[in-house]
Amino acid sequence: MELYRGEIETVRLLESEKSVKRDRDLAYLMELNPQSLLLPFYTESGLSGPLNCRLADLPLHDGWDNPLCQIRGTFTGHWLSAAARIFQETGDMQLKARADFIVSEIGKCQERNGNGWAFPIPEKYLYGLKRGQHFWAPQYVCHKVMMGLLDMYRFADSATALEIVKGCAGWFAAFTGDISREQMDDMMDLEETGGIMELWADLYAVTKDPAHLELMRRYERTRLTEPLLRGEDVLTNMHANMTIPEIHGCARAYEVTGEERYRRIAENYWEQAVTLRGTFATGGQTDGEVWTAKGRQSARLSALNQEHCTVYNMIRLADYLFRWTGDSKYQDYMERNIENGLMGQGFWEADHQNKAEDALLPASGLISYFLPLEAGSRKVWGSKTQDFWCCHGTLVQANAKYREYVFYSGKDSLTVGQFIPASAELKIGEVPVSVTQKAADLGGSYLYANPVATGTPGKPDYVKMVYEIDAPSPAEFSFRVRMPWWLQGEMEIWIDGKRTDYGREQGHAVIRRRWEKNRIEIVMPKGISCWPLADEPDTVAFLDGPVVLAGLVAEERTLIGDPEDPSTMIAPHHEREWSNWTSLYRTANQMRGFYFKPLKEIGNQAYTVYFPVRKIFPQKGR
């Protein structure tokens, strides 16, 4: 089946922790000085003169955006991509004005350069790469800038941005016109190219210009894709985030050409990277930016697990595969990586509970490049203007995209991917349909007696989602809701107050009927589960539904209990706070106790995710 997001411009996040992250993203974008973002573009084109007299007053970026860094200006492309998406969702005109200004200034730089070059680095980096000289990822830089510009056209209606990208494409067509396949392969092995193949495919989808299709084909990394087509493992100990965007290119190439070869490459990559390799409890993978060996995890727990860029880009690959197949396993993967990766590695802010214990440390964190999983780990937070790692770029993009993973429409179906509160105006076939998704209030007010609060004495062992569907005229289609991997019981579906039977299809509960104005309530039982290391099954992490729990302990501890029954080791702690249920736990039946909280809520505390378990089983007859 094929699923689409043709009306993504109508999807709006409703209030939730995801909308909070998006708003922090917007605030960060607006906090950065446009002149600082543009400085390397001005410098390269010779338009920096007006700034020279006041450079001392300009907040100069450091780290990877330092004016002397070889990948300076990369973040500006990410900034434009995130700004375009957030503007389309929120309509924030201040953000739009700033983004349009940056686009127009890049256009001026391109005009001054005179040959289509619109980038913040010298052309000689590319010509040097062509001769086999080493420069730090110049084509990666070019990709990020063009990506941001093209997204400004796609999501913010900037015709100027599209014209700039077309000019850049002309430069690259001339640059690669005399390069042999072997030379191209050597260049792509020498330095990252980012998702430049995907960019050319996206541009071709807009322009239908054969020259852009040819650029897409030139930028396939055949020394990676051909072995993947043969089913070979070329990923073990290979840089993960260098390769994932290259596979995005193949995925998008399949969509714009229909050529099955490209689809097989993407699917085989997934098979090698996820299905055969396995994941950590968080859903992520990698150690020190490389793919671990298949099933070999215990020796790869470290301070350098799960690079944020890898999390973001694997979510995007899963999204491609889900839209092609409709298989819920891809959305399950996305959910774990969203909850434990994106939510845990970006835009953290302390709450009232841990501000006191972290009084001498910052009460917020921008981006954690890695998500450490070794015992006694601590997250390391990057600064707002002094680092600008690649993960700063995927940070701002990732937190602008949550709405894109919620609703998927087909020819006669509406599919719920992620349980993120949102609303949308969609078309199912030719029929307009509005839909909202919210999490039911399971807490109830503590200010007055009400059945929600008084009827729920302990932490609910289920999640409840509520949907409102409104079609102006009766419309028949299938409503598909993911049955998540973490279900611990039968999912219940109620329509207009009546319990309703449902079918099962590709991991989804499916109801087909005529819809008009209906309320759907879905109850999903959940609980604590254990996720073992692939090569050390007696060492486990604990999850509350899809959310990894981290022990607030600075060293490895052996627990006594039964991994098949986590209640032998873990129990609720401080389960309610005013009107809300918490996600806090403590150890049970252990000689030395400690507390657990969601990994995504940890900022500066030391934590441990995996615990060796000494199994105990009740003796017969006792």
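Worth pointing out:
- Extended-chain gain in nm, criterion 0.36 nm per residue less alpha-carbon gap, residue 574 and residue 560: 2.8 nm
- Take the Cα of residue 440, step 7 Å toward its Cβ, do the same at residue 589, and the gap between the two points is 3.1 nm.
- Amide H within-cut-off set for residue 513, under 5 Å, with H built and near neighbours excluded: 477, 479
- Rounded to the nearest 20, the Cβ-based charge dipole of the chain about its Cα centre (Lys and Arg +1, Asp and Glu -1) stands at 680 debye.
- Accessible area of the chain belonging to carbon and sulfur atoms, whole % at 1.4 Å probe: 50
- Rounded to the nearest Hz, the phi-derived 3J(HN,Hα) couplings of region 189-197 under the Karplus curve 6.51 cos²θ - 1.76 cosθ + 1.60 (θ = phi - 60°) are 6, 6, 8, 4, 10, x, x, 5, 5, where x marks glycine and proline.
- Furthest towards positive pole of dipole, 141, 177, 156, structure part region 138-195, Cβ charges: 156
- Förster radius 22 Å - calculated FRET efficiency between residue 7 and residue 208, Cβ distance, rounded to 0.05: 0.45
- Rounded to the nearest Hz, the phi-derived 3J(HN,Hα) couplings of region 17-34 under the Karplus curve 6.51 cos²θ - 1.76 cosθ + 1.60 (θ = phi - 60°) are 5, 6, 5, 4, 5, 4, 5, 5, 4, 4, 4, 5, 4, 6, 6, 7, 7, x, where x marks glycine and proline.
- Considering helices alone, the calculated mean residue ellipticity of the chain at 222 nm is -11500 deg cm²/dmol, with DSSP H runs of length four and up weighted by -39500 (n - 2.57) and normalised per residue.
- Residue separation of residue 57 and residue 133 scaled by 0.36 nm, minus their Cα-Cα distance, works out to 23.7 nm of gained length.
- Sparse-neighbour loop sites [trypsin sites (Lys or Arg not before Pro); region 189-220; at most 16 other C-beta within 10 Å; DSSP]: 208
- Listed pairs 459/597; 438/600; 438/526; 21/294; 464/498 exceeding 26 Å between Cα atoms: 21/294
- The listed residues 586, 499, 22 rank as 499, 586, 22 when sorted by accessible area, largest first, using a 1.4 Å probe.
- Taking the square roots of 5 times each eigenvalue of the Cα gyration tensor of region 369-431, largest first, gives ellipsoid semi-axes of 37, 15, 8 Å.
- Point-charge dipole on Cβ atoms (K/R +1, D/E -1) for region 407-544, about Cα centre, debye to 20: 440
- Placing unit charges on the Cβ atoms only, positive for Lys and Arg and negative for Asp and Glu, gives region 149-204 a dipole magnitude near 340 debye about its Cα centre.
- For region 160-255, the set of GluC sites (Glu not before Pro) satisfying both a DSSP loop assignment and a count of at most 11 other C-beta atoms within 10 Å is given as 232.
- Selection of GluC sites (Glu not before Pro), region 416-520, meeting DSSP coil and at most 11 other Cβ within 10 Å: 430, 490
- Taking amide H positions as modeled 1.01 Å from N, with prolines and chain starts lacking one, the residues under 5 Å from residue 238 and 5 or more places away or on another chain are 291.
- When DSSP beta bridges are restricted to pairs lying wholly in the chain, around 90% turn out antiparallel.
- Annotation for residue 538 and residue 411: the two label points, set 7 Å from Cα along the Cα-Cβ direction, are 5.5 nm apart.
- Using a probe of 1.4 angstrom and keeping all protein chains present, the accessible surface of region 523-622 works out to 47 square angstrom per residue.
- Probe 1.4 Å, protein heavy atoms only - accessible area per residue of region 240-302 in square angstrom: 28
- Here the Karplus curve 6.51 cos²θ - 1.76 cosθ + 1.60, taken at θ = phi - 60°, turns the phi angles of region 289-303 into couplings of 6, 10, 5, 6, 5, 4, x, 9, 10, 4, 8, 10, 6, 7, 7 Hz, with x standing for Gly and Pro.
- Here the scattering of region 485-621 is modelled by Debye summation over its C-alpha atoms, one equal scatterer each and no solvent; at q = 0.10, 0.14, 0.15, 0.21 Å⁻¹ the log10 of I(q)/I(0) is -0.47, -0.77, -0.84, -1.23.
- Spin-label model distance (nm) - residue 66 vs residue 232, 7 Å beyond Cα toward Cβ: 3.9
- Semi-axis lengths, largest first, of the ellipsoid equivalent to region 110-192 are 24, 13, 12 Å, with √(5λ) applied to each eigenvalue of the Cα gyration tensor.
- Take the Cβ atoms of residue 108 and residue 431, set R0 to 45 Å, and the FRET efficiency comes out at 0.45.
- On the beta carbon distance between residue 464 and residue 302, with R0 = 56 Å, the FRET formula returns roughly 0.90.
- Accessible surface, 1.4 Å probe, highest first, among residues 548, 256: 256, 548
- Dipole of the chain, positive direction: furthest Cα of 385, 588, 510, with charges on the beta-carbon: 588
- Converting the Cα gyration tensor eigenvalues of the chain into ellipsoid dimensions via √(5λ) gives semi-axes, longest first, of 41, 29, 25 Å.
The values are calculated or read from the model by the stated rules, or taken from the named source; none is laboratory data. Keep in mind that this is a model prediction, so the values were computed, not measured. Methodologically, a virtual Cβ is constructed for each residue, glycine included, from the backbone with ideal geometry; neighbour enumeration extends over all protein chains shown. Heavy atoms of the whole protein, side chains included, go into the accessibility calculation; ligands, DNA and RNA do not. Shrake-Rupley method; radii C 1.70, N 1.55, O 1.52, S 1.80 Å.
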